[in-house]
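Here's the structure we're looking at; comments come further down.
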Amino acid sequence: MDISGVSAIVTGGASGIGAATVRALAALGAKVVIADLDRQAEQGNALAKETGGAFCAVDVTKTQDLISAVEMAKSMGPLRVLVNSAGIGWAQRTVGRDGQYESAANIDAFRKVIEINLIGTFDAIRIAATAMSQTEPLEFGERGAIVNIASVAAFDGQIGQSAYSASKGGVVGMTLPVARDLSAVGIRVNTVAPGLIDTPIYGEGEGSEAFKANLQKGVLFPQRLGDPSQLASMVVECITNSYMNAETIRVDGGIRMPPK
């Protein structure tokens, strides 16, 4: 699928994997809406200026915010691309050491991770796909492509990652049924599952570098953290390769996460 001149939405697009994806899509001629939290406005607007796109303040737990991003994208060109990169991490043990109910895992934190990572992803899909379904079909009836960002934690969740793994596992699990559903309107759906990617989530400075050096020991080859541009490359392939559909692809250097 040629994306030159089309509009695209990248949730969580102001930093990390999302920002790398914005740059990759813009390089191919797409007009990208960077949909991210209001507190990311400075970064988002700077990236929009760099790439010729636009920033839209979006909380993926709010449907109206997603509608606003879709309407903004439609004003820039036919909406044919959605990349769901917004998400949060959380780690907590299921039970506490003292055996008290109060020290068990925080259920509200669990709900929040599911609400953002899983429900927010589906809400973005259903809103964007509704708009895509009204665009003029391309060759073979294609109208658009959606790529979700999951995680290898969907398969190799570590101790404490129950909420995160459940949310990302849910994204993987819905890829096929949503792809089957949206095939009726010519929209493809794929998911990319990153391994350890060098993003701002690990912080900066000497301590951060030492932490990352320890993490990368588990990567099979090449033994380093991945670059966000390498994830963006796979996202772009899923979008532009019109025979890619209903698939989840690990991009992880061969890592299989240990229990902890």
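General observations
- Within the range 128-173, considering residues that are in a helix (DSSP H, G or I), among the β-branched types (V, I, T) and within 16 Å of the chain's Cα centre (by Cα), the one surrounded by the fewest Cβ atoms within 10 Å (Cβ to Cβ): V172
- Residues of the range 53-93 that are buried (at least 20 other Cβ atoms within 10 Å of the Cβ), among the aliphatic types (A, V, I, L, M), without any contact (Cβ under 8 Å) to a residue 60 or more places away in the chain and in a strand (DSSP E or B): A54 alone.
- Hits in the range 95-119 - residues which are closer than 28 Å to P177 by Cβ and touching a helix residue (DSSP H, G or I) at 6+ places or on another chain (Cβ under 6 Å): F110, V113, I114, N117, L118
- Applying the condition of being in a loop (DSSP other than H, G, I, E, B) and within 16 Å of the chain's Cα centre (by Cα) to the range 174-217 and asking which residue is surrounded by the most Cβ atoms within 10 Å (Cβ to Cβ) yields G195.
- Scanning the range 85-117 for residues that are among the aromatic types (F, W, Y) and closer than 30 Å to A8 by Cβ yields a total of 1.
- Qualifying residues in the range 84-122 (those that are closer than 30 Å to V235 by Cα and of a type in the set (K, R)) - the one farthest from the chain's Cα centre (by Cα): R111
Each row is one residue, and each column tells you yes or no for (1) more than 19 Å from the chain's Cα centre (by Cα); (2) closer than 17 Å to I239 by Cβ; (3) modelled with pLDDT of 95 or more.
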position	(1), (2), (3)
T21	no, yes, yes
A26	no, yes, yes
D38	no, no, yes
E42	yes, no, yes
A57	no, no, yes
V60	no, no, yes
T63	no, no, yes
K74	yes, no, yes
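- Residue that is farthest from T121 (Cα to Cα), among those in the range 25-40 that are among the aliphatic types (A, V, I, L, M) and buried (at least 24 other Cβ atoms within 10 Å of the Cβ): A30
- In this entry, S242 passes the filter for residues that are under 23 Å from S85 (Cβ atoms), in a loop (DSSP other than H, G, I, E, B) and small (G, A, S).
- Close Cβ contacts (under 6 Å, 6 or more residues apart or on different chains) running from residues in the range 156-176 that are closer than 15 Å to R256 by Cα to residues that are assigned to a helix (DSSP H, G or I) and hydroxyl-bearing (S, T, Y) comprise G157/S165.
- Look at (1) part of a helix (DSSP H, G or I); (2) touching a strand residue (DSSP E or B) at 6+ places or on another chain (Cβ under 8 Å); (3) over 13 Å from I149 (Cβ atoms) and you find that S229 fails only one, number (2).
- Some residue of the range 120-139 being more than 25 Å from P177 (Cβ to Cβ) and out of contact with any Phe, Trp or Tyr (no Cβ under 8 Å at 6 or more places or on another chain): yes
The values are calculated or read from the model by the stated rules, or taken from the named source; none is laboratory data. All of these numbers come straight from a predicted model, not from anything done at the bench. Here the Cβ is made from the backbone with ideal geometry for all residues, glycine too, and neighbour counts use every protein chain on show.
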